């Protein structure tokens, strides 16, 4: 009878002993595979969720950016471009500025180098006296289309020739439809602006640039170009705008209205910081849990394998004692030491192989259930570590053989005559 036939017959005869050893190996293999699979799946799900969070954060920031652009556009221009010889203090105090050719705005609009400035509108401003009160007369041109910018909703006032918009204070004594005279030219009041709380808006008389150039006798001249700075994600926003402007129009200088521009940058940074903090906290918490599981696996798995080896070894010793008569008969009929070793180690290897396969399957099933039910890892994110499965399947027979080695050697070295005499 072959060794494998004897092994199968012995297993059938001592099924309970075989089942106990098999149970030990299955348990060890299941824990060996389940722990790392659980940790790997959890960490993989963490990275997937972080990637999704980052994608959602980018989408939200882009959405807020778009909304902010609309809000900033409605708030008005935040850049003022005027002649380099203009004193900014006089400009801000009394609108005193050096004139510039109107073609400057065309030069800027046609420039491909000016990428950080948009919505260019040429204006002509001058303090005048109207009806015995100081007023600022402002002529607005329509927005100049830029070659580097896609079509956008234009900014600035659209004022028809022959009409004016009056600021809140300037229009107190008037109503829409009234006919008024400004510097000797008659205009119709087309709109009275709401109160803004600023001198420039509330005491303004707004008209088309052509009308302003006519009444101020400054044909083809402007004093200022108003614009909107780009939503550039840069620390040196103003410096970069000034560098571009100097390259395209060295005759001009630029001043930024800090409040609106800084508010937009602050909002962007706060939103980005919020999402970064949320993702960092999420990663930290997930790594803490993964580390805890990993340490638990690292502590329990070796102990389980050791306990499994000891148990299989004890059961092997018990098997040797129960089969002493069989061993003596095998040796008496001429079976050598190798045959007896093969008989016991083959049984141990079979226990290990079957236990390793069943244990790996059980471990994967257990890890999948824990991952989905406890750690909330989606089924499609569950990771089956091929290395750990191979180690479990091929390592289990090795552990079982090593645990049974000493009992098998003792059995193989027994004197058949002594064994038979005792029995």
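Observations on the model:
- Fluctuation leader among 102, 200, 181 - the chain, Gaussian network, Cα springs under 10 angstrom: 181
- Nearest 10 degrees, 0 to 90: helix 15-75 Cα axis against the chain principal axis: 0 degrees
- Degrees between helix 237-248 axis and first principal axis of the chain (Cα, 0 to 90, nearest 10): 60 degrees
- Pairs of Cα atoms farther than 38 Å apart, the chain, %: 56 percent
- As computed over region 79-256, the Cα convex hull volume per residue (Å³): 121 Å³
- For region 248-359, alpha-carbon Rg over 2.2 N^0.38 Å: 2.70
- Between 0 and 90°, nearest 10: helix 337-373 axis offset from the chain longest Cα axis: 30 degrees
- Estimated inter-spin distance, residue 191 and residue 298, nm [label 7 Å along Cα→Cβ]: 6.9 nm
- For the chain, calculated [θ]222 nm from helices alone, where every DSSP H run of n ≥ 4 adds -39500 (n - 2.57): -21000 deg cm²/dmol
- Antiparallel content of DSSP bridges confined to region 79-256, in %, to 5: 75 percent
- Relative contact order, percent, the chain [alpha-carbon distance under 8 Å, six or more residues apart]: 28 percent
- Least to most buried among 18, 32 (fewest other Cβ within 10 Å first): 18, 32
Each value in this text was obtained by applying a stated rule to the coordinates, not by laboratory testing. Note that the structure is predicted; figures quoted are calculated from it, not measured. Here the Cβ is made from the backbone with ideal geometry for all residues, glycine too, and neighbour counts use every protein chain on show.
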